[in-house]
């Protein structure tokens, strides 16, 4: 394991802030802002990708436009910790599950679900998640509104 902390300078920070704000920001525009060539920006980006700091880029879909208006977090209690891998395999096959976390505390797994409405959520819970072998019960929290959505600051 590499314990060496990545060092980024002011130019890297400007590049990253621009691209975090909008991944389609033209490289030449950033190059003009910092006063170096577009090729130098590309080289720095390759270095940051190779370091593992950057994990690619992606478009973000607005789920509400597709009719997905119910966001929920579900704590999953397992019969035993040995059921974890099988439960994750089953959860992977449920498209409404958009995140899963192996957690400390009462739950074996904490998942994030995106559903069209509460009825859809209830069907996913009752007919898919709670039917998974090893799931003893679930605890559901419906998100009413997301106030903070950001990445770690650089």
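Each reported figure results from applying straightforward, stated rules to the coordinates on display, with no laboratory input. None of the values given here were measured: they were computed from a predicted structure. Cβ placement follows ideal geometry from the backbone for every residue including glycine, while neighbour counts extend to all protein chains displayed.
Worth a mention:
- Förster-model FRET efficiency, 30 Å R0, residue 64 and residue 23, C-beta, rounded to 0.05: 0.90
- Centroid-to-centroid separation of region 13-58 and region 78-154 [C-alpha atoms, Å]: 35
- Rounded to 10°, Cα long-axis angle of helix 38-50 versus longest principal axis of the chain: 40
- Note on 70, 104, 25: ascending count of other Cβ atoms within 10 Å places them as 104, 25, 70, the fewest first.
- Distance between modelled label sites at residue 99 and residue 127, nm, 7 Å Cα→Cβ extension: 2.7
- Angle in degrees between helix 10-21 and the longest Cα principal axis of the chain, rounded to the nearest 10: 50
- The simple spin-label model puts a point 7 Å past each Cα toward its Cβ; for residue 46 and residue 79 those points are separated by 5.4 nm.
- Note on residue 112 and residue 89: the extension gain reaches 6.7 nm, defined as 0.36 nm multiplied by sequence separation minus the Cα-Cα distance.
- Neighbour-count order for 46, 150, fewest beta carbons within 10 angstrom listed first: 150, 46
- Relative contact order of the chain: 24 percent, from C-alpha pairs under 8 Å at least 6 residues apart in sequence.
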